[in-house]
Amino acid sequence: MSKFFIIAFLGLFLSTTWVAAQEVPSEPQSDSTLTNPVKKKGQKSNEVVADTLSEKEAEEQLLKAAKANGDTVYTYKIITGDLSYLSVCPGTTITVPFATEGPFDADNNFIVHLIDPSGKSIPISLPTKGGPIKAVIPSYKIGGEVYKIQVLSTIPVIKSQEVPIRLLQTPTARIEIIDGTQAVRVMPGHEVQLRVNLQGTAPWSFRLSDSTIVYQTLSNPHYLTVRPKHVQAYSIVGVSNACGSGTTSGEPIINVDDNPEPKLELKEVDKLVRVCSGLPFQVPFSATGKFKAGNRFVVQIADRTGAFKTISSPDTTGYITTQIPNTYKPGDYRLRVMSSAPYLISQTANISIAAPTVATLQRDSLHLPENGTGELSVRFEGGGPWFVMLSDGTYENNIMDSPHKISVKPYNDTNYQISSAGGLCGVGKFSGRARVTVTTPPASITMEKLPQSMVCAGSSIEIPYKTAGRYSSTNRFVVQITDKTGRFVDLPTTVTPTTFTAKVTAAVAPGDTVRAQKIRIISSSPAVSSKEEEIRVIANNKAVGEVSGKAFITGGRSTRITLKFKNGLPPWSFTLSDGTAVNGTFLNPYLITVSPTATTEYTISALKSGCGTGIGTGSAIVTVDK
């Protein structure tokens, strides 16, 4: 029997169905059998016109029909191995492992595709019959972006899942002077710092035009110090990383002059906008050119009158550390650097002087109720915004107003002071004390209305309660009840936030049937008691039901028998010997109507009350005269 194959493509080409049927066409044919089926004689009407169904529905119909005909169905899959561990460069050859499911055609080939971030797919391997496949990442692809690898087959056309692969970046390097410029003028032998900005995947290796070579650096930017003897331009002649050579840019020129014109210039002026009096700070400046022997630099400051005064010791370096004298009040000033030989003056920088923080806790006295919240006042001076931390740990920052209110909620009487405070100029000075007293009500226990006025000995009762005031951590609440002598004794008590559950032990039960007793709640620390309430305790836990009565009736008539209950806690529930049952009665005695058809003796077969299972006694006889 000959066979032919029908290939059903899924939406993502992840699997294909192979069905063995009855005929093999000798010439290539279009796939018109799915869209224009020819109904054969005797063929059932469950055929599918594919263009009226979705791909999933068409596949399901095809599989169903194939299985009904007893054909063999195959599922095709290509599963690409994990490549997430790979980090490769553009132009690199990689090996792509994969596994397959299903009998692919003998003329089938597998090809690896690379999918870029935009979704564009290109083949990167030669066709091959099996795996693993060697593929080449195109050299023009840009590293650092997300790419995906996918394996495709030709007969049938199947796609594997997409697996990510990381492409490394080729290097770039730009050289410049440390301040970002491309030219500087210095005297012979003076140092100049160069900065190399690197991009791509570390580590990098590069070579300067003066033959300096740096190997495998991880620093970015990378700094170099040079001392040229004459005018010299520096460039990077080559840079490389794991992905090979990259591109370079920049060519700073160092002009070396035996007698250059001296220049004086402030640097990083933006860092001098606001300074604190009494605290050291640095004034960066650059001094280029040839200064005379014995030259010194000083920092000067001027107020609104314009008179500059020196506020630093003479120095020879480009960073002078100084501080604003405490005699200068907070406000706006001008700052500059001056050299002595020759006499030069830098440009001026506008600065603002801020005073160190002084925080004072106002001498308040607050009286708060229990769980109450109050406010303390803190007055600030000096440069803000400010922060403050009180002695109880209360903390606030980014404070802009003075005086400032701080909320406190002490549990006990508390003496407050400032633990730390400061502002723009760091931690400052702080002082002041405040006292907050807390008024607490005396400890008391309130027993709420009891849910029941009668309880059985040996049972439990829930008692709602409320407390006021404070109790120590060792305090213990107990429910007490009077015993036979009238003395209060402890009951086993379980405490919850809203109720006490107390078990009424048999030891406190009265000798007779019911007795009114007192109940209360006490605490141990402090020792307080609730008001006493009255509760009736039933001594015997078993109810007794007695049946009595004697009657003569004729057939078809009715009569009553009497049940009397003793002990137990109503309501009572009982069942008579004839099956008559009554659930939950408070009547005592209880009359029950009976209509026997023959002479009958009635007894209690089961009895329950609020105190549990009871017993029945006595009987009632009804004689029926026929």
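Quick notes on this structure:
- Filter result (within 39 Å of the chain's Cα centre (by Cα) and either within 23 Å of Pro156 (Cα to Cα) or charged (D, E, K, R) (or both)) within the stretch 99-118: Leu114, Ile115, Asp116
- Scope the stretch 240-251; condition out of contact with any Lys or Arg (no Cβ under 8 Å at 6 or more places or on another chain) and either of a type in the set (Phe, Trp, Tyr) or part of a loop (DSSP other than H, G, I, E, B) (or both); matching residues: Ala242, Cys243, Gly246, Glu251
- The residues in the stretch 181-202 that are farther than 21 Å from Val256 by Cα and open to solvent by 40 Å² or more (accessible area, probe 1.4 Å) can be counted, and the count is 3.
- Screening the stretch 443-495 for residues that are open to solvent by 70 Å² or more (accessible area, probe 1.4 Å) and among the charged types (D, E, K, R) and picking the one that is farthest from the chain's Cα centre (by Cα) gives Lys484.
- Taken residue by residue, the stretch 418-429 has at least one member that is open to solvent by 30 Å² or more (accessible area, probe 1.4 Å), closer than 30 Å to Val275 by Cα and among the β-branched types (Val, Ile, Thr).
- All positions within the stretch 582-602 that are touching a residue at least 12 places away in the same chain (Cβ under 8 Å) and hydrophobic (A, V, I, L, M, F, W, C): Phe586, Leu591, Ile592, Val594, Ala598
- Within the stretch 67-111, considering residues that are aromatic (Phe, Trp, Tyr) and modelled with pLDDT of 85 or more, the one nearest to Cys243 (Cα to Cα): Phe98
- Inter-residue pairs, beta-carbon under 7 Å, first basic (Lys, Arg) and in the stretch 187-215, second part of a loop (DSSP other than H, G, I, E, B), 6+ apart: Arg195/Ile178; Arg195/Pro221
- Restricting attention to the stretch 248-289, the residues that are closer than 29 Å to Ala354 by Cα, buried (at least 17 other Cβ atoms within 10 Å of the Cβ) and among the small types (Gly, Ala, Ser) add up to 2.
- Applying a threshold of 6 Å to beta carbon distances and a minimum spacing of six or more residues, or different chains, the list of pairs starting in the stretch 145-157 at a residue that is under 13 Å from Glu101 (Cα atoms) and of a type in the set (Lys, Arg) and ending at one that is open to solvent by less than 10 Å² (accessible area, probe 1.4 Å) and in a strand (DSSP E or B) is empty.
- Val237 satisfies every condition listed in (1) within 29 Å of Tyr319 (Cβ to Cβ); (2) open to solvent by 70 Å² or more (accessible area, probe 1.4 Å); (3) in a strand (DSSP E or B) except (1).
- Qualifying residue in the stretch 156-177 (condition: crowded, with 18+ Cβ neighbours inside 10 Å, more than 30 Å from Ala135 (Cα to Cα) and at pLDDT below 90): no
The values are calculated or read from the model by the stated rules, or taken from the named source; none is laboratory data. Not measured: the values here are computed from a predicted model. Quick reminder, even Gly has a Cβ in these numbers, built from the backbone with ideal geometry, and neighbours come from all protein chains shown. Quick note on the areas: whole protein, heavy atoms, side chains included, nothing else; ligands and nucleic acids left out. Shrake-Rupley method; radii C 1.70, N 1.55, O 1.52, S 1.80 Å.
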